[in-house]
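Scroll down for the structure; my scribbles are underneath it.
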Amino acid sequence: MRIIVSGGGTGGHIYPAVTLIRAIQRQVPDAEFLYVGTEEGLEADIIPKEGIPFDTVNIRGFKRSLSPENLLRGAKAFGGVLKAMGIVRRFKPDAAVGTGGYVCGPILLAASLMGVPALIQEQNVVPGITNKLLSKFVSRVAIGTKEAAPYFPSDKVVFTGNPIRREVMDARREDGIEAFGLDPAKKTVLVSGGSRGARSMNRAMIGVLRRYAGHPRVQIIHVTGSAGYEDTVKLIREAGIDLVKAGNLFVKPYLYNMPLAMACTDLAVFRAGAIGIAELTAKGIPAVLIPYPYAAANHQEHNARAIEQAGAARMILDRELTEQRLLSVMEELLTEDEKLIAMSEASRRLGRPQAADEIASMILALTKK
């Protein structure tokens, strides 16, 4: 069995694709894969390290405004489709899978036009342009949220939830407590603006860290992102916060084992990326969501609003984020146990921990056709 996979540009497109590949491998260990991305995208670094065969097409996303440069990008897109057809012809896949990002456009279009059954997986409440266009050609559309259904042909769409790493569900609270040297009697807050960090979140956290330094019932893991770490530590020092003396504040540039951190988290302060939300809800973790304001089509705000309306999170818009606002929301949730418990239960109801296996089965069913 041969399956071609594409998706790229950001980790939000790449990691779900890797998760689906691993889920298929658990069902069909000898399945062969080819991942198609671009040379410039993060996938060019991530996928080879995962041991997955990798090929590229030369394409760039279109600007959202009228621009002469779009003509050049249009020509590259046409060339990308021609190269994609060559890749499909050589690899001879039994199915094609796309997880979003402009890079998957040429390969999924080429596969569909050449009679290869194809599936796209949409993570967000508001789909990207590429997936909306591809939905006209592919066989199935697996959506991560029910709110995305109206954007796709009703006879193709299936609500599955978003694929999450198996490690997320396997991680245990006691192992996370031990790994990070935490106090099991305290509530743990996990703060992360994503792998690259978020300057606005890091700055708003200074007042929060000052308030909770040495707190007897709360401990905080604050992941700043590598780029923001030195600046954040400088601001912490200027605020008179002694992290060593406090003993309950753990400020790190990056976490290499996020699943273990999530396993012992009682409240998360996160951006509103679809996969991060999927992992939080699969674990039943209540959250304060701060959507990235420059995401395409403002999809993170739509993601956050859907989770907030379900009662699983509180949302603070980035433009409204201050030390005082963030501290106020966190203190309310950390001191009123019934609210935190209700949010946790609402979060767990939204969770779809088996999504990856369900989508993998859908893909394998397509190959039999």
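For the chain, set up a GNM with springs between Cα atoms under 10 Å and report which of 245, 132, 283 has the largest fluctuation.
It is 245.
How large is the convex hull of the Cα atoms of the chain per residue, expressed in Å³ as a whole number?
136
Using just the helices of the chain, give the 222 nm mean residue ellipticity in deg cm²/dmol: DSSP H runs with n ≥ 4 each add -39,500 (n - 2.57), and the total is spread over all residues, rounded to 500.
My calculation for the chain gives -14000 deg cm²/dmol from helical runs alone.
Mind ranking 330-341, 158-169 by how tightly packed they are, going by the mean number of other C-beta atoms within 10 angstrom, highest first?
158-169, 330-341
Which angle from 0 to 90°, rounded to the nearest 10, does the C-alpha axis of helix 69-91 make with the longest principal axis of the chain?
70
Which distance in nm do the two modelled labels at residue 44 and residue 92 give, with both placed 7 Å along the Cα-to-Cβ direction?
Modelled inter-label distance: 3.1 nm.
Using a basic spin-label model with each label point 7 Å from the Cα along Cα→Cβ, how many nm lie between residue 174 and residue 354?
2.7
Percent of accessible area on the chain owned by carbon and sulfur, 1.4 Å probe?
Carbon with sulfur: 53 percent of the solvent-accessible area.
Could you tally the net charge around residue 126, taking each other residue with its Cβ under 10 Å from the Cβ of residue 126, Lys/Arg +1 and Asp/Glu -1?
Surrounding charge for residue 126 is -2.
Restricting to bridges with both residues inside the chain, how much of the DSSP beta-bridge set is antiparallel, in percent to the nearest 5?
About 0 percent, rounded to the nearest 5.
With a 1.4 Å probe and all protein chains left in place, how much accessible area per residue does the chain have, in Å²?
With all protein chains present, the chain gives 45 Å² per residue.
The values are calculated or read from the model by the stated rules, or taken from the named source; none is laboratory data. Bear in mind that the values here come from a model prediction, so they are computed numbers and not experimental data. Neighbour counts are summed over all protein chains in view; Cβ atoms, including those assigned to glycine, are modelled from backbone coordinates with ideal geometry. Protein only, heavy atoms only, side chains kept; ligands, DNA and RNA dropped before computing areas. Shrake-Rupley method; radii C 1.70, N 1.55, O 1.52, S 1.80 Å.
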